[in-house]
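The values are calculated or read from the model by the stated rules, or taken from the named source; none is laboratory data. Only a predicted model underlies this, so the values are computations on that prediction, with no experimental measurement involved. Every residue, glycine as well, gets a Cβ built from its backbone with ideal geometry; the counts of neighbours run over all protein chains shown. Heavy atoms of the whole protein, side chains included, go into the accessibility calculation; ligands, DNA and RNA do not. Shrake-Rupley method; radii C 1.70, N 1.55, O 1.52, S 1.80 Å.
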Amino acid sequence: MADEQDVKYILSLDGGGIKGAYLARILDKVSEILGEPIQNKFSMIYGTSIGGLIALKLSQLDPTEKFECQSLFVKKNIERIFDKSLLDNTLGMFQWKPIYDGNGKRKVIDETLIECDMSKAKTPVAVTSFKLGCFEPYIFSSWESKECMAVAADATSAAPIYFPPVRHNDDWYVDGGIGVNNPVVMAIIAAKKRWPESRIKVLSIGTGSWFPTYTDDNLKNWGLVEWIKHGLIDMFMSSASRANDMSAELILGDDYIRFNHRKLIDISMDDTSSDTIKKLYQYADESLEEKKLELTKFFK
């Protein structure tokens with residue numbers, strides 16, 4: 001095993017729209033516990049969608065620079081990102097264009113991030129997207145990519161149905177959650193490749209897991225409609241995320257810790273009510289209390 005002094009802490013952040021407020025709250029509270037800015041503790045930050053935007057912001061900060069991740073979720077930002085028209089409110093997902101035009105999202109990104117390319121990150125960072133031209137995940141990283149950080153942030157958060165895809169270098173990109181909503185395995189691989197002799201410890205933060213209980217005696221007779229009614233799409237998304245979670249546990253053992261809350265799955269990614277934000281912060285506090293001892297041991 002690598003020397004105890006040679007430890008690299010890695011941060012992995014899931015996607016989830018407004019549920020990014022849960023990520024932000026945990027990061028701010030962990031920063032308080034550590035007594036130092038969160039980006040000063042981690043050697044690499046990996047993220048998807050809203051987790052990607054938070055990752056990119058943290059990567060631009062000096063190690064000692066203070067920043068509250070929860071400030072990204074002030075009312076002004078939320079209202080611009082999720083700016084619904086009367087038609088949007090009426091039709092919801094059942095309309096012929098994206099629910100949001102993406103302009104407000106891009107304005108928030110441009111105001112949040114310093115204009116620079118990925119290689120200028122002060123902490124190694126990577127965010128996931130999905131490239132439609134070759135139909136596979138695409139990684140914007142500070143060690144391989146020359147793209148502007150704002151482009152990476154826009155691409156990683158371009159969730160189909162909700163936002164338009166992002167056009168870049170003659171190709172289209174959509175939200176990284178399409179392929180890798182929980183990027184923890186990619187983060188581990190990148191860290192082990194970069195620091196092969198170091199001990200890798202990963203803090204991963206999720207945005208909900210779907211845990212249904214199937215007890216219907218008629219289950220064996222379900223067809224497409226019944227499976228969709230009973231959460232087939234959520235099953236695909238959550239099972240992929242859980243597989244990555246299990247893989248991380250197998251690879252790292254006690255050097256891996258993940259925050260998640262079952263009730264997060266009940267919140268829509270664009271539910272921007274003040275009550276929802278309060279719930280997300282409450283769930284974050286509950287998760288921190290539940291893993292208080294585990295977290296202390298993790299950072300020893």
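What does the charge count around W195 come to, taking other residues whose C-beta lies under 10 Å from its C-beta (Lys +1, Arg +1, Asp -1, Glu -1)?
+3
Sorted by mean Cβ packing within 10 Å, highest first, what order do the peptides 119-130, 168-179, 44-55, 268-279 take?
Put in order of decreasing packing, that is 44-55, 119-130, 168-179, 268-279.
What are the ³J(HN,Hα) couplings of the stretch 24-32, residue after residue, when phi is run through the Karplus curve with 6.51, -1.76, 1.60 and θ = phi - 60°? Round to Hz, x for glycine and proline.
After applying 6.51 cos²θ - 1.76 cosθ + 1.60, I find 4, 4, 5, 4, 5, 5, 5, 4, 4 Hz.
How large, in percent, is the carbon and sulfur part of the accessible surface of the chain at a probe radius of 1.4 Å?
53
In debye, nearest 20, what is the charge dipole magnitude of the chain about its Cα centre with +1 on Lys and Arg Cβ and -1 on Asp and Glu Cβ, if you could check?
Result for the chain is approximately 160 debye, rounded to the nearest 20.
Could the peptides 144-154, 28-38, 103-113 be put in order, highest first, of the mean number of other beta-carbon atoms found within 10 Å of their residues? Present the calculation step by step, with values, prior to reporting the outcome.
Details: 144-154: 20.8, 28-38: 15.4, 103-113: 17.1.
Listed from highest to lowest mean packing, they are 144-154, 103-113, 28-38.
Where does the charge balance sit around F298 when Lys and Arg score +1, Asp and Glu -1, over other residues with C-beta under 9 Å from its C-beta?
With Lys, Arg at +1 and Asp, Glu at -1, the neighbours total +1.
Report, in whole Å, the centroid distance computed from the Cα atoms of the stretch 170-207 and the stretch 31-86.
17
For the chain, report the accessible area per residue in Å² (1.4 Å probe, heavy atoms, rounded to an integer).
51
Over 30 Å between C-alpha atoms is what I'm after, so list which of K19/K97; K131/K300; K146/K279 land there.
Working: K19/K97 23 Å; K131/K300 39 Å; K146/K279 38 Å.
K131/K300; K146/K279, as the Cα separations exceed 30 Å there.
How large is ³J(HN,Hα) for each residue in the stretch 192-207, as worked out from phi by the Karplus curve 6.51 cos²θ - 1.76 cosθ + 1.60 (θ = phi - 60°), to whole Hz, x for Gly and Pro?
Once rounded to whole Hz, the list reads 5, 6, 7, 10, x, 9, 8, 7, 9, 10, 10, 9, 10, 10, x, 10.
Enumerate the amide H contacts of Y138 below 5 Å, restricted to partners 5 or more residues apart or on another chain; note that Pro and chain-start residues carry no placed amide H.
Amide H to amide H, under 5 Å and 5 or more residues apart or across chains, Y138 pairs with S129, F130, K131.
Taking H as built 1.01 Å from N, whose amide H comes closer than 5 Å to the amide H of H168, not counting residues under 5 places away?
Y173
Taking K and R as +1 and D and E as -1, what net charge do the other residues with C-beta under 13 Å from the C-beta of T156 add up to?
0
In whole Hz, with x marking every Gly and Pro, tabulate ³J(HN,Hα) for the stretch 43-53 from phi via Karplus 6.51 cos²θ - 1.76 cosθ + 1.60, θ = phi - 60°.
Karplus-based 3J(HN,Hα) across the stretch 43-53 equals 8, 7, 10, 10, x, 10, 6, 4, x, x, 5 Hz.
Name the aspartates and glutamates eligible as straight-distance cross-link partners of K263: C-alpha to C-alpha under 15 Å, and not fewer than 8 places from it in the same chain.
Counting by Cα, and skipping residues close in sequence, K263 has these aspartates and glutamates nearby: D234, D271, D275, D285, E286, E290.
Tell me which residues come under 5 Å, amide H to amide H, from D270 once H is placed; ignore anything under 5 positions away on its chain.
When sequence neighbours closer than 5 places are left aside, the close amide H contacts are I18.
Give the aspartates and glutamates reachable from K192 as a straight Cα distance under 19 Å; neighbours fewer than 8 places away on the same chain don't count.
In chain and number order, the partners are D3, E4, D6, E144, D245, E249, D254, D255.
Provide the packing ranking of 194-205, 15-26, 289-300, i.e. peptides ordered by the mean count of other C-beta atoms within 10 Å per residue, highest first.
Peptide ranking by packing, descending: 15-26, 194-205, 289-300.
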